[in-house]
Amino acid sequence: MQRVSEWMNKDIAVVHPWENLSRVAQLCWEKDIGWLPVLDESQKLVGVITDRDALLTAHFRGQCPSEVRVDQAMSRELKSVLPQTTLPAALEVMARNSVRRLPVLDEHQRLVGVVTMGDLARATPKASSDEDMVDAMRAVLRPRSGDGVQARPATLTPKAPPVSVSNAPAPSVPPGSAQRLRTTAP
């Protein structure tokens with residue numbers, strides 16, 4: 001049976017708790033990813049952060065991303081697997097916990113890779129588990145609340161004024177371009 005170690009990505013961008021959310025945004029943009037592991041000074045996994053976590057935390061605090069530390073926005077509730085975990089077992093962890101990515105930790109709890117739903121889809125033999133993969137994807141992608149809307153923290157309220165949006169057409173940015181779009185608050 002195939003193992004996570006055969007399919008995990010070993011080239012992983014990471015951030016540290018003391019870095020700021022601008023660093024998260026920069027890495028997510030440069031690497032075209034939406035999720036980063038957070039490692040402490042001993043290189044142990046202490047959290048994960050998504051580009052969405054970074055954006056919403058800065059927005060609802062009314063602060064610039066450069067003013068907010070990663071440890072103020074990261075998730076500390078971690079689900080992980082070992083390199084020797086089988087692919088069906090990893091898929092089960094993803095489905096049970098509604099996650100699309102799993103950190104892969106060694107016996108010392110150090111990050112050695114990341115396995116994604118996409119990795120598992122590519123690795124799974126088509127004839128044997130199409131139905132299992134579809135069931136797992138449904139579990140991972142289901143909304144967190146019953147009304148089809150993602151649950152939101154009740155204690156956060158916007159402090160910054162909303163950004164104005166004009167009716168002018170958005171500038172065209174070619175895929176992979178280093179050009180950044182800028183908005184200005186009124």
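Each value in this text was obtained by applying a stated rule to the coordinates, not by laboratory testing. No experiment lies behind these values; they were computed from the predicted model shown. Reconstructed Cβ throughout: ideal geometry from the backbone, glycine too, with neighbour counts over all protein chains shown.
Side notes on the structure shown:
- FRET efficiency for R96 and S66, using Cβ-Cβ distance with R0 set to 41 Å, rounded to 0.05: 0.65
- Cα-based values for the stretch 1-82, radius of gyration first and Dmax second, are 13.5, 49 Å.
- If you count Lys pairs in the stretch 4-141 whose Cα atoms are under 20 Å apart, skipping same-chain pairs closer than 8 places in sequence, the total is 4.
- Spread of Cα-to-Cα distances over 5 Å intervals beginning at zero, given as percent, for the stretch 4-141: 2, 10, 20, 20, 19, 14, 9, 4, 2, 0, 0
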